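A short reminder: the numbers here are calculations on the coordinates, not readings from a lab. This one's a predicted model, so the numbers in the text were calculated from it and none came from an experiment. With ideal geometry, Cβ positions are generated from the backbone for all residues, glycine too; neighbour counts draw on all protein chains shown.
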Amino acid sequence: MPTFITQGRLTREYVKGGLAKPEDRHAAISKLCEQAGGRLLSLHFTLGQYDFLLISEMPDAKAAALIALTATGGGGIEGSVTTQAFTTAETKDLYASAGKIVGSYKPMGAS
C-alpha cells in the first residue's frame, strides 16, 4: 500500500481537551486509519510549524484524505498537509520509467 505523511496543527479545542483529560491518542488514530482501509505506521507530536506528524499506509490518496477530513470535521486539527511518500526502491523505478520517456517531452516554445 502507498505510504502517506500527514502533518497539521492542533486546534485550540483539541489542546483544551488534552489539558483537561490527557490521553494517548495512538489507539484512536490507529482505529481511524483502519476504518479508512489502511493502517497507522507512526504518530508523533512535533515542535515547529506543525503539531503532529502521522505516517500511514492507505489504499490510495482518497483514503488518506478521509483521515484529514474526519479529524478536521471533528474539530481536532486544522491546516493539514498530506504527502505521498515513496521508498528508495519505488523512487528507482520512477527514475527508470521517466528515463524512458524524458526525450519525448519538449517545453513550450521549444522546437
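If I ask for residues that are part of a strand (DSSP E or B) and either touching a Leu at 6+ places or on another chain (Cβ under 7 Å) or surrounded by fewer than 10 Cβ atoms within 10 Å (Cβ to Cβ) (or both), which ones from segment 73-100 would you list?
Selection gives Ile77 alone.
When you look at Glu90, is it of a type in the set (D, E, K, R) and in contact (Cβ under 8 Å) with a residue 40 or more places away in the chain, yes or no?
no
Among (1) closer than 17 Å to Thr11 by Cβ; (2) touching a residue at least 12 places away in the same chain (Cβ under 8 Å), there is one condition Gly74 misses while meeting the rest; what is its number?
The number of the failed condition is (2).
Going through segment 43-67 one residue at a time, which ones are closer than 17 Å to Arg9 by Cα and either touching a Leu at 6+ places or on another chain (Cβ under 8 Å) or assigned to a strand (DSSP E or B) (or both)?
Matches in segment 43-67: Leu43, His44, Phe45, Thr46, Asp51, Phe52, Leu53, Leu54, Ile55, Ile67.
Kindly provide the set of residues from segment 1-42 that are part of a loop (DSSP other than H, G, I, E, B), out of contact with any Asp or Glu (no Cβ under 6 Å at 6 or more places or on another chain), surrounded by fewer than 18 Cβ atoms within 10 Å (Cβ to Cβ) and free of Cβ contacts under 8 Å to residues at least 60 places away in the same chain, ordered by number.
First, the residues of segment 1-42 that are part of a loop (DSSP other than H, G, I, E, B): 1-2, 11, 21-25, 36-38.
So of that shortlist, the ones also out of contact with any Asp or Glu (no Cβ under 6 Å at 6 or more places or on another chain) come out as 2, 21-25, 36-37.
Imposing the further condition that a residue be surrounded by fewer than 18 Cβ atoms within 10 Å (Cβ to Cβ) reduces the set to 2, 21-25, 37.
If the condition is that a residue be part of a loop (DSSP other than H, G, I, E, B), out of contact with any Asp or Glu (no Cβ under 6 Å at 6 or more places or on another chain), surrounded by fewer than 18 Cβ atoms within 10 Å (Cβ to Cβ) and free of Cβ contacts under 8 Å to residues at least 60 places away in the same chain, then Lys21, Pro22, Glu23, Asp24, Arg25, Gly37 are the ones that fit.
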